[in-house]
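Q: One structure, pasted below without further comment.
The values are calculated or read from the model by the stated rules, or taken from the named source; none is laboratory data. As the structure is a prediction and not an experimental result, all values here were calculated from the model. We place every Cβ from the backbone using ideal geometry, glycine too, and count neighbours over all the protein chains shown. The protein model used for the area step is the full one, side chains on, heavy atoms only, and it has no ligands, DNA or RNA in it. Shrake-Rupley method; radii C 1.70, N 1.55, O 1.52, S 1.80 Å.
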Amino acid sequence: MINRDVFKLPELIGDAYKNAYPFPNTYIDNFMDPWVLQKCREEMDRYPFWRQDKTSYVEHYQVEKYYTPDIVYDPNDVEILAANAPTTKMVLDYMYSPEVINFVSELTGIPDLLPDDQWVGAGVHKIGAGGKPGVHADFNINFATGLYRRVNILIYMNEYWPEEWGGNLELWDKTKNIYNDWVPREKSVEIAPLFNRAAIFNITDDAFHGHPHPLTCPPNQHRMSLALYYYTQDRPDYEKAPQHPVIWYDT
């Protein structure tokens, strides 16, 4: 399913990923077989079982965002996705295969990566007109497995996405506040959510990202992506912190 040339990337770029600014990241165009990704998008355009976090705190920062599956909402959600979007589920499963995990490990330099078979937050994401996820640092420990979250891969499924609609993934630089905590300082990198582009980046408590400006796309359009999260049993001590949920910031 993945373009075979992609697997050559770790050797070609060497340490460029690990040394990227403001934290380890890259994006890869023509990531997958486009026909497969088009089929995923067709399935998800018809998909009716989207979930949404409606807690007031999250709604302030995360507007018009939908996702699937959500086994907290419904323990059968993974099976529902497989039954109604079989190609999408097949692609998601493949992204957690040993072949892909080995590629992600080589690219990032993080050994012994593991998939999340509980699908905590991963799967498919959809954001509608006026929607946004504000700048944030992701949750650091998977509440269902206790594993440390290390890497995100977002594969965009937007065949037509004009620049004026917004929605670029923003990676933010950081600074320390008076409490000696890392907080976002300014946008450093933008990645447009173009069809068959994969954005890959490390997850730490100072890896701030999001698209804080509401989408200006028409009401019948959605910014959609496959979202894969990769974990390890342990992580370097200097990256450890007490378990926390997503940390949102006003920017």
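Q: Per DSSP H run of at least 4 residues, take -39500 (n - 2.57); add these up for the chain, divide by its residues and hand me the 222 nm value, nearest 500 deg cm²/dmol.
A: -6000 deg cm²/dmol
Q: Next question. Cα-based Rg (one decimal) and Dmax (whole number) for the range 115-235, in Å?
A: Rg and Dmax of the range 115-235, Cα atoms, are 15.1, 44 Å.
Q: Could you name the lysines in cross-link range of LYS8, using Cα to Cα under 24 Å and dropping any fewer than eight places away on the same chain?
A: Excluding near neighbours in sequence, the set is LYS18.
Q: Based on alpha-carbon positions alone, could you give the equivalent ellipsoid semi-axes of the chain from the gyration tensor, as √(5λ), descending, whole Å?
A: 25, 22, 19
Q: Here's a follow-up. Which ³J(HN,Hα) values, rounded to whole Hz and listed in residue order, are derived for the range 159-165 from phi using the Karplus coefficients 6.51, -1.76 and 1.60 in 6.51 cos²θ - 1.76 cosθ + 1.60 with θ = phi - 60°, glycine and proline given as x?
A: Working through the residues one at a time gives 5, 10, 8, x, 4, 5, 6 Hz.
Q: May I ask for the percentage of alpha-carbon pairs in the range 67-123 that lie more than 13 Å from each other?
A: 62 percent
Q: I would also like to ask the following. Tell me, what is the 1.4 Å probe accessible area of TRP182, in Å² to the nearest 10?
A: Surface accessible to solvent at TRP182 totals approximately 110 Å².
Q: Further question: If R₀ is 30 angstrom, what is the calculated FRET efficiency for the pair ASP237 and ARG185, using the beta carbon separation as r and rounding to 0.05?
A: Calculated value: 0.75.
Q: Find the eigenvalues of the gyration tensor of the Cα atoms of the range 94-166, then list the square roots of 5 times those eigenvalues as equivalent ellipsoid semi-axes, largest first, in whole angstrom.
A: 26, 17, 12
Q: Whose amide H sits under 5 Å from the amide H of GLN62, counting only residues 5 or more places off or on another chain, with H placed in the peptide plane?
A: Placed amide hydrogens put GLY134 under 5 Å from GLN62.
Q: Could you give the spread of the C-alpha atoms of the range 1-120 along their three principal axes, from largest to smallest, in whole angstroms?
A: 41, 34, 25
Q: Per residue Cα convex hull volume for the range 1-55, in cubic angstrom?
A: Hull volume normalised by residue count: 123 Å³.
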